[in-house]
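Reviewing the structure listed below.
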Amino acid sequence: MSTLSVEALGAAADAVEAHLLPLVDERFASRLFAQDATLWGPEAEAESAIRLAWTGLHRTSRPLVGEIAALREELATRGVRRIALCGMGGSSLAPEVICATAGVELVVVDSSDPDMVRSCVEDDLAGTAVVVSSKSGSTVETDSQRRIFVQAFEDAGIDPIERVIIVTDPGSAMDTQSRADGYRVINADPNVGGRYSALTAFGLVPSGLAGVDIGALLDEAEEVADLLAEDDQANPGLRLGAALGGTSPLRDKLILTDRGTPIVGFADWAEQLIAESTGKEGTGLLPVVVGAEGATEAVASAADATVVALTADDDEAADSEAVPSQVSVSGTLGAQLLLWEVATAVAGRLLGINPFDQPDVESAKSAARSLMEDPSDSTEPALGTDGAVEIRSAGDALDLGEAASSLTASVDALLGELDPERGYVAVMVYLDRLAHADLAAVRGSLEARTGRPVTFGWGPRFLHSTGQFHKGGPATGVYLQVTGTPSEDVPVPGKDFTLGTFIAAQAAGDAQVLADQGRPVLQLHLSDQAAGLRQLRDVLGHE
């Protein structure tokens with residue numbers, strides 16, 4: 001039996017007390033599950049009207065269970081023992097958590113980095129089937145990954161039609177073309193936004209094909225759906241949403257920490273859901289994923305932070321840390337997927353924003369497309385070089401001056417722009433996240449050094465997550481961007497660009513949009529990745 005527990009302390013508890021009764025009185029929960037598009041105001045109504053079917057997915061996704069099981073058996077007869085997933089944002093983060101929690105292998109190819117994509121394609125291609133997931137059917141990263149896999153299958157004498165499964169919205173360009181080409185296509189519910197799609201075909205197809213019991217996952221969600229739809233002060237979705245989005249003054253940094261939860265990587269999924277849904281119109285909530293090591297005392301007790309402890313089902317409220325604002329959350333995976341979607345919708349209401357659009361994600365994509373048309377624009381001359389690191393600054397918000405000749409001095413200059421009361425540091429790394437996973441440890445070192453929240457994101461995946469908050473949220477961040485020259489570039493079949501060109505344009509486009517909004521951006525390019533990473537770890541790791 002699925003259970004949910006949400007316990008708030010300090011300022012988070014005050015927020016629950018202030019907002020819970022009004023939310024109950026206006027019947028927010030029952031109206032949400034009745035798909036009432038008016039809950040977020042007239043400006044959000046058109047978008048909300050086509051984005052609320054996620055409230056019933058525990059029922060409407062049931063037909064997928066048998067279809068996916070049959071397809072898994074069919075693939076097994078063809079020697080498939082490995083599932084790879086090409087997708088970005090909501091198309092990849094949910095299945096990654098679902099499979100990791102179940103202890104099932106899923107290769108998530110959510111990158112434009114040539115080295116990472118090449119290694120994922122080359123590893124056991126003969127035993128691999130590929131799920132290609134794109135809601136719009138036009139995501140450039142996903143289309144590029146698909147083309148590379150198809151070419152690899154053909155070169156190996158394997159019919160890609162027998163190995164590639166398409167997941168997309170009905171009527172998308174990918175839907176139409178894939179069906180015409182003979183590929184297996186599974187349509188997702190078009191009335192569910194990408195980051196709310198964990199229990200649609202986007203979350204269930206790759207997870208089920210990899211071996212997860214997706215029927216049990218839907219059971220877990222269904223067991224708590226009535227509770228989350230109830231207009232009652234015990235509703236955990238209302239309580240969590242109020243604790244996250246209702247503090248006054250707003251505590252907009254959510255410090256997500258693992259306190260024994262059996263759900264693997266849940267904070268990464270919640271990060272996208274919350275940041276992309278709320279980070280707009282100069283406000284929002286910034287999830288800061290700190291993992292089991294927790295945050296420093298300065299960050300955990302900061303006036304703009306709420307600690308969100310992800311605990312085991314049988315744990316009591318985590319109250320061991322004397323922090324001013326804390327929420328403890330527990331529950332099974334399927335139950336928590338629905339819980340956090342409800343809570344994010346509630347937080348959006350309290351923040352006065354539309355939790356279903358992502359305007360600044362689109363702005364970064366547009367800038368990248370422009371740079372793709374003229375790749376030379378994506379590489380400005382370096383202001384200085386220190387060993388294997390080329391140093392640049394996007395825009396005028398960060399004046400490096402003489403610091404541009406030193407990696408240490410340039411990082412110091414960026415951190416010198418940090419607001420000691422409300423600021424945060426965003427580390428954005430456009431490298432192979434599988435090969436360099438240990439680099440994420442610099443997050444904790446920088447946090448200890450600055451006493452402020454630090455986020456760490458792998459590009460381009462964070463562009464579909466915290467990237468929205470970076471540009472649409474409050475102007476309190478400083479941004480450290482890391483790119484690198486790949487060991488070997490990968491051409492995209494049928495296109496006139498390579499992955500190396502594409503990821504460079506994505507990084508430059510994002511930096512350009514940040515700079516245009518007056519955000520300080522330090523760009524570090526590793527001309528030799530091995531040597532540059534040694535320098536980077538040394539400089540970012542010291543306190």
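What follows is calculated from the coordinates using simple rules that are stated; it is not laboratory data. In this text the structure is predicted, and so the values were computed from the model without any measurement. All Cβ positions, glycine included, derive from the backbone under ideal geometry; neighbour counts span all protein chains shown.
How much length, in nm to one decimal, is gained on full extension between S487 and D213, taken as 0.36 nm per residue of separation minus their Cα-Cα distance?
94.8 nm
Please turn the phi angles of region 224-236 into ³J(HN,Hα) values with the Karplus equation 6.51 cos²θ - 1.76 cosθ + 1.60 (θ = phi - 60°), one per residue in order, whole Hz, x for glycine and proline.
For region 224-236, the Karplus-derived couplings read 10, 4, 5, 4, 6, 8, 8, 7, 8, 5, 7, 4, x Hz, x marking Gly and Pro.
What are the residues whose amide H is under 5 Å from the amide H of S393, where those residues sit 5 or more places off or on another chain and H is modelled from the backbone?
Those lying under 5 Å, H to H, from S393 are L383, Q523.
At a Förster radius of 30 Å, what calculated FRET efficiency corresponds to the Cβ-Cβ distance of R62 and S30, to the nearest 0.05?
So, using R0 = 30 Å, E works out to roughly 0.85.
Once the other residues with Cβ under 14 Å from the Cβ of I50 are scored (Lys, Arg +1; Asp, Glu -1), what is the net sum?
Net charge in that neighbourhood comes out at -4.
Which of A475, L434, G384 sits closest to the plus end of the dipole of region 359-541, meaning its Cα is farthest towards the positive end, when Lys and Arg get +1 and Asp and Glu get -1 on the C-beta?
Farthest along the dipole direction, towards plus: L434.
Go through region 386-399 residue by residue and turn each phi into a ³J(HN,Hα) via Karplus (6.51, -1.76, 1.60, θ = phi - 60°); whole Hz please, and just put x for glycine and proline.
Result, ordered by residue: 10, x, 8, 10, 8, 10, 9, 9, 7, x, 10, 6, 10, 9 Hz.
Please give the length that would be gained between A312 and D399 if that part of the chain were fully extended, namely 0.36 nm times their separation in residues minus their C-alpha to C-alpha distance (nm, one decimal).
26.6 nm
Among (i) 22.4, 64; (ii) 24.2, 83; (iii) 27.5, 94, which one is Rg and Dmax of the Cα atoms in Å computed from these coordinates?
Of the listed options (i) 22.4, 64; (ii) 24.2, 83; (iii) 27.5, 94, (i) comes from this structure.
Once the dipole of region 326-434 is set up with Lys and Arg at +1 and Asp and Glu at -1 on Cβ about the Cα centre, which of G423, L351, V327 lies farthest towards its positive end?
V327
According to a simple spin-label model (label point 7 Å from Cα along Cα-to-Cβ), what is the distance in nm between N191 and A126?
4.8
With charges set only on the Cβ (+1 for Lys and Arg, -1 for Asp and Glu), what does the dipole of region 61-217 come to about its Cα centre, in debye to the nearest 20?
340
Between region 48-64 and region 179-256, how many Å separate their Cα centres?
Each part reduced to its Cα centre gives a spacing of 9 Å.
Please list, by residue number, everything in region 2-25 whose backbone N is under 12 Å from a paramagnetic label point 7 Å out along Cα→Cβ of S248.
Output list for this probe position: 14-20, 22.
Within region 272-309, list the residues whose amide N lies under 14 Å from a label point set 7 Å along Cα→Cβ of A475.
281-283
Do the sum for the chain: with -39,500 (n - 2.57) for every DSSP H run of n ≥ 4, divided by all residues, what is the mean residue ellipticity at 222 nm, to the nearest 500 deg cm²/dmol?
-13000 deg cm²/dmol
Determine the dipole magnitude for the chain: charges of +1 sit on the beta-carbon of Lys and Arg, -1 on that of Asp and Glu, nothing else is charged, the reference point is the Cα centre, and the result goes in debye to the nearest 20.
In total the dipole reaches around 600 debye.
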